[in-house]
Amino acid sequence: MPKIQAVSTYSPPYSLTQDNAENFIKELFAGKMNKLERYLKVFKNAEIFNRQLAMPIEWYKENHSFSEKNDLYIELATEYSIKVIQKCLSEAADVTIRDINAIIFVSTTGISTPSIEARLMNQLSFSNDVVRIPIWGLGCGGGAAGISRANDYCLAHPESSVLVICVELCSLTFQPKDLNKSNFIGTSLFGDGAACALISGDQVKLSHTKTLPRIQATASKLLPNSENIMGWRIEDDGLHVIFAKSIPNIIVKWFAPFVESFLAQHELSPQTIHRFIAHPGGKKVLTAYESALELPKELVAPSSIILQQHGNMSSPTVLYVLKYVMDQQPNRGEFGIMASLGPGFSGELVLLEWE
């Protein structure tokens with residue numbers, strides 16, 4: 001059973017309050033669409049207080065080509081990845097950058113070939129035989145999926161250590177001329193962020209005094225014919241967000257039974273889980289988790305806190321929640337479940353036990 005040794009996060013330098021985000025959109029779209037005031041209610045309803053952006057707010061008022069935005073994505077994704085890798089390894093026990101056997105790089109908000117992890121290997125002292133596993137297109141589900149794929153690698157190679165790096169620059173996908181409601185919802189929710197997790201196989205010798213989570217099991221599930229629920233619409237000017245209003249209902253009718261079935265396979269239930277590490281897609285998503293799985297509010301609180309402080313950063317967000325929970329030092333023997341949803345429409349689950 002591979003173990004998560006450390007998790008680090010990095011928040012970009014430009015902070016944006018929700019009030020300022022609302023005022024920005026109000027000014028930008030004034031006179032351009034009907035029912036603007038009604039749409040602006042999504043900002044207050046989101047219950048996000050603050051998030052971080054890769055660029056100052058003035059930058060987003062101007063039009064930028066897909067090429068310009070993507071060049072900036074490559075530059076900043078590389079920079080932020082280096083920061084979280086160095087921070088993660090500084091917090092880990094007995095593992096250095098030369099000990100890393102595989103890099104899983106997860107992102108959906110930009111395009112790069114060669115992928116970002118190749119650029120990292122040219123700037124940090126990785127061994128040049130590190131296995132590269134870039135994952136693109138999983139969106140908000142990518143954080144938990146990255147942990148699952150690291151688990152698979154370490155089960156096959158128990159002497160290995162793997163870095164899972166999630167970087168999303170959602171703000172660079174903002175479309176100042178898109179009057180679609182999904183653009184408003186995305187703007188009310190999305191922030192930028194980066195996270196890194198170190199996962200080690202059973203044969204990696206560890207010396208530590210903290211309780212750490214072992215990965216007991218993972219699961220993935222796809223909802224057939226659901227491509228239009230969440231994702232990107234790719235046009236000449238870049239990525240346009242797709243959100244369906246049915247997502248909370250899907251959590252109740254489809255995702256909650258998936259979670260319950262997964263836990264039952266391991267003689268557990270939502271009521272016997274000590275830690276719920278959910279990707280906070282938004283307030284309605286967290287409310288749906290809480291009601292469908294009959295969870296107490298304190299179990300959902302870590303996800304809610306991360307959402308309030310950072311917004312929805314897509315794939316890194318669940319790792320922010322995981323770090324928050326790990327910093328609380330759960331007791332030995334406590335169980336936790338990571339849960340995230342992404343384009344597909346798909347669900348990802350990871351069962352954890354602290355040791």
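Details
- Criterion: closer than 23 Å to Ile135 by Cβ, in contact with a helix residue (DSSP H, G or I) (Cβ under 7 Å, 6 or more places away or on another chain) and part of a loop (DSSP other than H, G, I, E, B) - qualifying residue of Thr78, Thr109: Thr109
- Subset of region 206-232 [in a strand (DSSP E or B) and surrounded by fewer than 13 Cβ atoms within 10 Å (Cβ to Cβ)]: Leu222
- Matching entry among Gln5, Gln18 (being among the polar types (S, T, N, Q), closer than 23 Å to Gly281 by Cβ and either out of contact with any Lys or Arg (no Cβ under 6 Å at 6 or more places or on another chain) or modelled with pLDDT of 95 or more (or both)): Gln18
- Test for Arg132: is it farther than 14 Å from Val164 by Cα, open to solvent by 70 Å² or more (accessible area, probe 1.4 Å), in contact (Cβ under 8 Å) with a residue 12 or more places away in the chain and not in a loop (DSSP other than H, G, I, E, B): no
Okay, residues lined up against (1) more than 30 Å from Glu159 (Cα to Cα); (2) touching a residue at least 24 places away in the same chain (Cβ under 8 Å):
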| site | (1), (2) |
| --- | --- |
| Leu189 | yes, yes |
| Ser200 | no, yes |
| Glu227 | yes, yes |
| His240 | yes, yes |
| Val252 | yes, yes |
| Pro257 | yes, no |
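- Region 261-295, subset of a type in the set (D, E, K, R) and more than 21 Å from the chain's Cα centre (by Cα), residue most open to solvent (accessible area, probe 1.4 Å): Glu267
- The listed residue being of a type in the set (Val, Ile, Thr) and open to solvent by less than 10 Å² (accessible area, probe 1.4 Å), out of Ile305, Ile251: Ile251
- Output for region 327-352, where each listed residue is buried (at least 23 other Cβ atoms within 10 Å of the Cβ) and either more than 17 Å from Thr272 (Cβ to Cβ) or modelled with pLDDT under 95 (or both): Ser340, Leu341, Gly342, Phe345, Gly347, Glu348
The values are calculated or read from the model by the stated rules, or taken from the named source; none is laboratory data. The model shown is predicted, which means the values in this text are computed figures rather than measured ones. In this analysis, Cβ positions are derived from the backbone assuming ideal geometry, glycine residues included, and neighbour counts consider all displayed protein chains. Protein only, heavy atoms only, side chains kept; ligands, DNA and RNA dropped before computing areas. Shrake-Rupley method; radii C 1.70, N 1.55, O 1.52, S 1.80 Å.
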